[in-house]
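Peer 1: Mind looking over this structure? Questions follow.
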Amino acid sequence: MVWNPDAVALFRRIDGDLYESVENSPIRLLSATPQSRFEQLEQDDGFLVHLDRVWKKLNDYLVQSTWFAEKFGGREDPALFAYFSMEFGIHECLPIYSGGLGVLAGDHLKSASDLGVPLVGMSLLFRQGYFRQYLNQEGWQQEHNPDTEVFHLPLIPELAADGSPLMISVPFPGRELWVRVWRVQVGRVPLYLLDANVPRNSAEDRHVTAQLYGGEQDMRIKQEMVLGIGGIRALRALGKNPTVCHMNEGHSAFCALERMRLMMEENRLDFATAFEAVKAGTCFTTHTPVPAGNDAFPAAMIEHYLGGYMNALGVDRPTFLGLGRQDVRDESEAFGMTVLALRTSNTSNGVSRLHGEVSRKMWQKIWPGLSSTEVPIGSITNGVHTPSWLAPEMYQLYDRYLGLALAGAAGGARGLAAGRTHPRRGALAHARAAARAAGGVRPQAGAGAAPAPQGHAGGGRRGRRGARPGSGDDRLRAPLRHLQARHVDLPQPRPPRRDPQ
C-alpha cells in the first residue's frame, strides 16, 4: 500500500533516484528497472527479508478483523456505501485529482479501508488528469496536459461474463456514450473509474474523460452525466446495489435521477414515492463556499441532455427543472447541481463549523420558511488519513510503541487509544517485569517477549549501540539471525514536567 512507509522504502531500495524520477510510481519503476538489477536483488538477503515483511504486512492487513466487522458484522442485510467524487487523490502516480476535494476523497477511501467499512468509490479515468504547471523562459506560468499511459497506472480491468471489457452506456442526445470500467484497489476498498476513450465512441466523445475540469459547460455536463448516471449503471453491472450514495460535491448529483428512474421502473413506484426512497439513502457534502464555484446549467441545456429523464420520471418541465432551482417558480434561474444534491439528500453537511454556517446562509432560499440557523445543512470538519500524513520517522515510532493498531484494523483515533492496551504492549511490560525479577537481563525476541516492530528502510540514526537495525544500509549487511533476534528496548518513564510558573 502506498501509505505504508515500509512498502515505499522497499521500492526505494530498488533504485531511489529512478523511483523519484518516475513520480514515485511503483509500476513505472518496475518497468524501467533493468533485469540485471533484479538479479542483484535476488541475491540480497536483506532485500528479500524486507520484501517478505512487506508482503506479510499487506496480507495480514487484508485478512485481519476490522472495526466495522466487529461492530456490524451480524447484520442480515449487509450495507454498501457508494462514494461519488469527480476526483480522488490516492497517490501522485494516479493523477486524477487537482486539490483538497480529491485529497479528502482519497483519505476517505483509505480510512474506510482501515476501518473495514463496506465502501466503493466512483469517479472518472482522466487520461490527461489535471493540468501541470511550469514556467517558460520569460518566467510566465504555462499549463500542459500530458497523456498518461494507462498501462503505467495501477488499474485492474473489470470484465463482463464473457471475458470482454465491461462496458456500460450513458444516454446522450441522439446516441449512447460507451464507457469502460476500470478498478483501482485502495486497500480493501475498490475505486471504479469510468473511461470514455474507447473505439465505440466518436472522436469527440472519446475526449469526455480526457481532462479533469477541462472544457466549457457543454463538456462539464457530459462529464457529470457520466459520473452520476454512468456511475450507478456501472455499479449495477458489477452486481452492486448501494444502500447509501454519498455525493462529494454536486458533480455527481445526476445519480439521484438515475436511481429514481430505476426505482420507478423496477418497483412500479410513482415519482413522489421514488423521490423519497432515493432521498432516504443519499447524503451530500458541499465544499465550495462561493456561488460561482457551484456548477449551474441553463434550462435549455438541461432539457437537451436530460429531456429523456423528464419523460422517464413522468414529471412536467417546471417540476423537473425545479429540482435544481432554489426558487422553483423562477424561470430565469439556472439548474444548479448543488441545489439538486441538497434537494435529493437526506442529510447534507459542510466541511467545517464555519463552512456549515456559510452554507446555510448561501442556500437558505431552498427552504423559504426557515431561518438560516434552521436550514438542514450540518458540518463535519475535514479529517485526514493519519498514516498517509505521518513522516516515516513518526510512523516508525508509533508502530513500535503503539503497535500495528495504528494503521490496522482499529485505524485512526481508535488505534491510538487501543495502543494503551495493545496486547504487544502488555506482553512487553510482562517480559520487562520478568527480566527485572531475573536480575535485569532484557529478554530477547522468542524468549518470552514479543519482538519489537522492525523499522522502516531508508536511514536511521546511530545511537549508543551503533547502526539501528531498522535502517536500510544495516539491513543490507546484517545476517538473518541478527534481523530475527531483536532486543526489546523500552524507554524508562520520565518524571512529570513542572510548570516553571
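The values are calculated or read from the model by the stated rules, or taken from the named source; none is laboratory data. No experiment lies behind these values; they were computed from the predicted model shown. For neighbour counting, all protein chains shown are included, and Cβ atoms are generated from backbone atoms with ideal geometry for every residue, glycine included. To get the accessible areas, we keep the full protein, side chains included, count just its heavy atoms, and leave off ligands, DNA and RNA. Shrake-Rupley method; radii C 1.70, N 1.55, O 1.52, S 1.80 Å.
Peer 1: State whether the range 1-63 is rounded, prolate or oblate according to the following rule on the C-alpha gyration tensor (a ≥ b ≥ c being the square roots of its eigenvalues): a/c under 1.5 gives rounded; otherwise a/b larger than b/c gives prolate, and the remaining case gives oblate.
Peer 2: Numbers: a/c = 2.20, a/b = 1.26, b/c = 1.75.
Judged from the Cα gyration tensor, the range 1-63 comes out oblate (a/c at least 1.5, b/c at or above a/b).
Peer 1: Among the lysines, select those whose C-alpha is under 19 Å from the C-alpha of Lys57, and discard any that sit fewer than 8 residues away in the same chain.
Peer 2: Partners within reach: Lys110.
Peer 1: So with the 1.4 Å probe, I'd like the accessible area per residue for the range 213-271, rounded to whole Å². Don't jump to the answer; show the numbers that get you there.
Peer 2: Numbers: 2110 Å² over 59 residues.
Here the residues of the range 213-271 average 36 Å² of exposed surface.
Peer 1: Cα-based Rg of the range 1-115 per 2.2 N^0.38 Å, rounded to two decimals?
Peer 2: On the way: Rg = 17.7 Å, N = 115, 2.2 N^0.38 = 13.4 Å.
Against the compact-globule rule of thumb, the ratio is 1.33.
Peer 1: With a cut-off of at most 15 other beta carbons within 10 Å, and DSSP calling the residue loop, which GluC sites (Glu not before Pro) in the range 316-372 qualify? Please list them. Walk me through the intermediate numbers first.
Peer 2: Numbers: sites: Glu331, Glu333, Glu357; in loops: Glu331, Glu333.
Counting only loop positions with at most 15 other Cβ atoms within 10 Å, the GluC sites (Glu not before Pro) in the range 316-372 are Glu331.
Peer 1: What share of all Cα pairs of the range 246-295, in percent, falls into each consecutive 10 Å distance bin?
Peer 2: Per 10 Å bin, starting at 0, the Cα pair percentages come out as 25, 42, 24, 8.
Peer 1: Let me ask you something else. If R0 is 22 Å, what FRET efficiency do you get for Ala32 and Ile156 from their C-beta distance, rounded to 0.05?
Peer 2: About 0.55, to the nearest 0.05.
Peer 1: Among 347-353, 118-124, 178-184, 61-67, how do they line up from the highest to the lowest mean number of other beta-carbon atoms within 10 Å?
Peer 2: Working: 347-353: 18.7, 118-124: 25.1, 178-184: 21.6, 61-67: 14.7.
Result, highest mean Cβ count within 10 Å first: 118-124, 178-184, 347-353, 61-67.
Peer 1: Return the carbon/sulfur percentage of the accessible area of the range 324-409, one whole number, probe 1.4 Å, all protein chains in place. Kindly include the intermediate steps, with their values, before the conclusion.
Peer 2: Numbers: 2400 of 4300 Å².
C and S fraction of accessible area: 56 percent.
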